Each structure stands twice: as C-alpha cells, then as structure tokens.
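Bear in mind these aren't lab numbers, they're just calculated from the coordinates by the rules spelled out. As the structure is a prediction and not an experimental result, all values here were calculated from the model. Counting neighbours? That spans all protein chains shown, and the Cβs are built from the backbone with ideal geometry, glycine included.
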Amino acid sequence: MSKFIIEGQKPLVGEIPVYGAKNAAIKMIAASVLVSGVTILDNVPDILDIQKIIAILEKMGAKFQRSSHHLEIDTRALKASNPDPTLVAAIRASIVLVGPLLARFGTVSIPHPGGCTIGSRPIDLHIKAFRDLGVEVTEGKNIYTFRATHQAPGPVVFSNISVTATENILLFASAQEEKITIKNAAIEPEVLDLIVFLSQAGAKIAVQDRTIKIEGTKNLKAVKHRVIPDRIEAGTFAILAAATKNDLKITQMNPKQLTALLEKFSQMGIAFKQGEDFLEIKSSEHFSSINISTAEYPGFPTDLQSPMGLLLSQAQGQSRIKENLFEHRLGYLKELQKMGGNVRFLNPQEAEISGPTPLYGARLESLDLRAGATLLIAGLIAQGRTEIKHAENIDRGYEKIEERLRAVGARIKRVS
Ligand code: EPU
C-alpha cells in the first residue's frame, strides 16, 4: 500500500500526454478470447485494471507479451475452465469475460464481479440480456453460471443503458452465426472502438442511434488494433489545468470525445483551444459556477463528475452536482470539506458547492479511482502538504500519474 504526498501551489507548465483508454483496452483483451491467432493491441495503458484482466486470462492458459504500450495476446491454448473467482472479485470489468468465454466454451461460472465502491453495481441487465438470447443463467451462492443451451433470436432490449452489458452481448453475438439486435445500447466511444475491433475481426456490425445489429461468425480472425485515447484521463488533465489555473497542453487525445465537458468549460468562461489531437487550456483567474447532471454518452460523464466537483469549488458562485448513475460517487466531497471546500449535501446523489474557496493540505483517503485522481488535483491546488492514502486506487486507471505530473512541474512523490 503506497500513498502520494503533494506540495501544492507549484506553477505547472508544458504538455501532458494521454494514454490509451482503460475501458476500451480491457474489452479488447476480453475479445481476444474469440479470435484465432495472435491479437495485437497498441496504446494499451500499463495500469492495475489491465494487469488484473491479463492475470485472469493468463491463469486460464493465455499467453501475453508486453513491451511498453504494445500487447500481443495468444489465447489459442486457453483452457475451458472458469476464471479465478478471487481475481474476478477484484475487478468489475471482468464481467465482460462472460460473453467471450460463453461463446467459446458454451459455459462459464463467475462470482459477482468486484471493482470500486461507487455503488451497488448489479448485473441484472447482463443476465436478462443473455437469457433473451437463450442462455441459461443460474444463480448460486454468490456464483452465476451461464450455459449456452439453445439459441433464441432476441432482440436484446435494455431497460437501462449499460456500457459493459452492451459490450458483453456484442462480444457474444459477434461469434454467433444468427443475426442479433441490441436496442437501447450504450454508444460510449469505448463501445464504438470495440465495434471497430470486432468488425476488423470479421463480424458485420451496424449502429444506428441506440440500435446495434450484429451478424457474427464462428471464424473471427485475429487483428491488430490501436486503442483510442482515454477521454476520461484527457478530461481529468483538462480539469487539472483549469482548476490549478495553469496553461497546459493535453496531447495524444481526441477533443471530439469531450464535447460535454468542453461545452461546460465554455459556459463557465474557461478558455481553451482544441486541435485534431490536443487541447490547450488557457489559465483563467475567474470562472463561473454551473450545474452538472451526469448521463450516458453523449451526456456529461459520471467518470468526470468528481474532478468537475472539485473544479466548481474554485468557481465564482454556487453550483449544483447531480450524480445519476451511481449511488456512492459523492464521497470525495467529504474529503474536500476537510481541505476547506464549501459543500452542502442535498441527498446522497446531489450536492451544492460554493466557491471560490481556498483549499488547505490535508490527509485524505482515495475512495475510488476517480475520487483519488480528484483529490490529487485538490492537493495541487491546496496550500501546504496533502497526503493521499491508497495510491493503488489511482493506479487502477492512470499510468504513472506522478511521473507525468512531475514532468510539468508538480511536486508529488509516492511513498510506500
Ligand atoms: N446497471 C444495472 N444493472 C446492470 C448493469 C448496470 O442496474 O446489470 C446500472 C448501474 O448500476 C448504473 C447504470 O446501470 O446505474 C450504468 O452502469 P453501466 O453498466 O453502464 O456501468 P459499467 O458498465 O459497470 C462502465 C465503466 C465505468 C463507467 C460506467 C458508466 C467499464 C469497465 N467501466 O461501467 O467506468 O463509470 O460504464 O459510463 O467500462 C471508471 O472507469 O472509473 C468506471 C467506473
């Protein structure tokens, strides 16, 4: 267990590169189970969540070769066994192994997948969708068994939009000969990147609004694919620049995937310049309050709600935040209060934040991945020394964040 120590209020200048999208790369690693041959992925971030999904498949017989952000995956010797329950329980995204393992071996058992503590995170939408396709799902004592006994035509109609449930069905359907339709699907950029991967592998997939039509094949071939940049990492760094009032250039990213955030920046009076693959934030001494309500893509992303809440503590006036996707994603605001943040909770998913307030260094807990990154930015704004426990929560999604921040002038170190 390590922690970050930050000395705040140092001027930051230069460029911060964005690495590949965690929530796209994980699903492509899962997709490698479906293809014959060696899958080659570029722009794969070296983060804990990726290491965990690799560990699950390695234990089942898959071979991985990594050099920097290049990853080669050979699943030809994969054994028809179940993923290690302890490893599955350590990472929420392991749920997306169900579709590929079911398609390949006809059956798979997993416990309830783990992950961060941002909400109850049920898997009922996954279960119902597989049942719609004829998969038999039985629930034992904290273990779900999926059996592809016969095929039903669907369609899969989601009552709520779910990223991983959409991806699970996409993965499964891409390896079925029958046509399968998903309605009310998630269309996050990471889902669309997975569709590009599966299409290159040989599945015919058409997306219109929130309807996805898949014509799969049993002969998916291995492909080489470059993972899209991580829009949440890019957004986190853009907010970091605005909140610390520094000119910073965020590179190797796609501003078009951050439209919801950039619209808010414009309304707040935060100046920026965007190019094809970069975003330059111009330091603004004053910017105004705003209301945020999270939603599925293309709405305001829940994964940027916590850094945005911190930014609002530096805005002029009163802002309101509403988290609509997860029940426990405002915990970071309690940590912010310890630093001097002016926060009033309206209910567990809604809060008012008044600003601008000076922040002071404190000893903090990184409650989950995004909350951890948020407190790290708070430490950069704060006067004095901030200590953030459980650096591993941040390592789940941001590769060597302290090195990238030191390169632009931040005083941050990791201690064990
Ligand atoms: N939901 C259900 N039943 C289900 C599945 C989801 O009720 O069976 C609900 C959830 O409780 C939530 C809503 O549907 O209220 C949306 O959840 P979703 O399933 O879309 O989330 P997820 O697929 O588990 C992915 C990302 C999250 C990101 C969300 C929303 C991965 C591995 N994770 O989670 O990323 O917040 O979509 O965009 O792709 C993160 O990176 O920090 C992170 C938490």
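Table for the structure above
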item: Calculated Rg and Dmax of segment 1-71 using C-alpha coordinates, Å; result: 16.1, 52
item: Mean ellipticity per residue at 222 nm, deg cm²/dmol - from DSSP H runs of n ≥ 4 across the chain, formula -39500 (n - 2.57); result: -9000 deg cm²/dmol
item: Antiparallel bridges, percent of DSSP beta bridges restricted to the chain (to nearest 5); result: 75
item: In nm, spacing of pseudo-spin labels at Gln151 and Asp74 (7 Å Cα→C-beta vector); result: 3.1
item: Intensity falloff of segment 12-169 expressed as log10 I(q)/I(0), Debye formula with alpha-carbon point scatterers, at q = 0.10, 0.19 Å⁻¹; result: -0.37, -1.24
item: Coordinate range along principal axes, alpha carbons of segment 181-318, Å, largest first; result: 57, 28, 19
item: Cα gyration tensor category, rounded, prolate or oblate, for segment 59-131 with a/c compared to 1.5; result: oblate
item: Per residue convex hull volume, Cα atoms of segment 245-293, in Å³; result: 69
item: Segment 123-185 shape via C-alpha gyration tensor axes, a/c threshold 1.5; result: oblate
item: Principal axes of segment 272-388: Cα extent on each, largest first, Å; result: 39, 31, 27
item: Contact order normalised by residue count of segment 256-348, Cα under 8 Å, 6+ apart, percent; result: 22
item: Compactness of segment 107-249 as Cα Rg over 2.2 N^0.38 Å, two decimals; result: 1.23
item: Reach of Lys79 by Cα under 14 Å, taken over aspartates and glutamates that are not fewer than 8 positions away in the same chain; result: Glu58
item: Where a label projected 7 Å from the Cα of Ser120 along Cα→Cβ would reach, residues of segment 149-176 with amide N under 20 Å; result: 158-166
item: Gyration tensor verdict on segment 186-228 (Cα atoms; rounded if a/c is under 1.5, prolate if a/b is larger than b/c, oblate otherwise); result: oblate
item: The chain pair-distance distribution - Cα-Cα, 20 Å bins, rounded %; result: 27, 55, 17, 0
